[in-house]
Amino acid sequence: MPQATLVRDPALHGVTRISHDPSFPRPHVGILGGVHGNERCGIEAIHRLEKAVTDGELAPIAGTWVLIQGNPAAVEEGRRFTRGGADLNRLFDLTFVDELPRERWSPEHERAHVLEPVLSDLDALLDLHSATSPTPPFAIINDLPAAAELARRLGFGFVTHGWGGPGLLMDKVTIGIMQRVGRPAVSVECGQHDDPETVESAWGCALAFLRACDSLDGEAPAGEPKFLEVVEIISRPSEGFRFTRPLNGLERIEAGEVIAADRIAELRVREACYVLMPNDGVPVGRDMVFLAREAMPSHPEQQ
């Protein structure tokens, strides 16, 4: 196996570039982990890739791998974001640059500011996450036909789309950066935070992604996933607002079921749907569950 060149960015902590060619040619394919500090599966996958390259077990056959540790300060603290900080994956619209004085920026504001040009230079992105509640691994894509095709080659049973709808998150998250520059991106919820299988899922996903990008020897898994369109985001309205029963990620809910309530309000679904990333322990005002329905991406040739 040819020797790969591995270089850690001297100006930006947590960014490593790996290539068969020391000029680091395109395509630049990025793997991002640890955007949330309590989600270690992506960081473990990145460390494992770096070790495999150093040990001569893996090497790119084309292009450049860009391995990015999203939020090293939060990873060190073992928290979703740093104490007193902000959710990094809600800052990539960069509106804070004009709205918030620099002296009030948290570590996450600083990190979003320096990572945005790195991410926007990529030709494809894989962003690895994990969830609070048990969930089968599933993909989240930006609204480009190439992203749907890329997700098909990662071997997951479920692919979610529509995250750019009104009131949703596309503008604020990592894959939204790629949407703005017209390049495919897939974020993956690899399983529950503390499940050992989640780390293995992230590792397998990283290898499949590199193969799907024709940057690593071997065949990427193929299959036809079930596509789910995200149609609703539910923020927790009160301290007393809780799920009426435990919910798992990708659980199907039948029309008419009340899935959450407090003393004065309830959340009743009007049509059959799937729940994504349910978590009723979030602070009031934060996202506690996303609802999705079966639907293929619409008019992909026009996206």
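The values are calculated or read from the model by the stated rules, or taken from the named source; none is laboratory data. All of these numbers come straight from a predicted model, not from anything done at the bench. Note: ideal-geometry Cβ built from the backbone for every residue, glycine included; neighbour counts use all protein chains shown.
Data for the structure
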| read-out | value |
| --- | --- |
| Some residue of the stretch 221-230 being farther than 22 Å from Thr135 by Cα and in contact with a helix residue (DSSP H, G or I) (Cβ under 8 Å, 6 or more places away or on another chain) | no |
| Selection from the stretch 7-24 of residues that are part of a strand (DSSP E or B), among the charged types (D, E, K, R) and over 15 Å from Gly70 (Cα atoms) | none |
| Among residues of the stretch 100-124, those that are in contact (Cβ under 8 Å) with a residue 40 or more places away in the chain, in contact with a Phe, Trp or Tyr (Cβ under 9 Å, 6 or more places away or on another chain) and among the small types (Gly, Ala, Ser), counted | 1 |
| Test: residue in the stretch 75-96 that is hydrophobic (A, V, I, L, M, F, W, C) and either without any contact (Cβ under 8 Å) to a residue 12 or more places away in the chain or not assigned by TED's automatic domain parsing to the domain that holds Arg180 (or both) | no |
| Residue check, Gly223 exposed (fewer than 13 other Cβ atoms within 10 Å of the Cβ), under 24 Å from the mean Cα position of the chain (by Cα), at pLDDT 95 or above and not in a strand (DSSP E or B) | no |
| Residue among Ser215, Ser187 that alone is part of a strand (DSSP E or B), modelled with pLDDT of 95 or more, on the phi < 0 side of the Ramachandran plot and touching a strand residue (DSSP E or B) at 6+ places or on another chain (Cβ under 6 Å) | Ser187 |
| Check on Ala202, touching a Cys at 6+ places or on another chain (Cβ under 7 Å) and of a type outside the set (Val, Ile, Thr) | yes |
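This table checks each residue for (1) among the hydroxyl-bearing types (Ser, Thr, Tyr); (2) crowded, with 18+ Cβ neighbours inside 10 Å.
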| site | (1), (2) |
| --- | --- |
| Leu12 | no, no |
| Val15 | no, yes |
| Phe24 | no, no |
| Gly33 | no, yes |
| Asn38 | no, no |
| Pro60 | no, yes |
| Ala74 | no, yes |
| Thr82 | yes, yes |
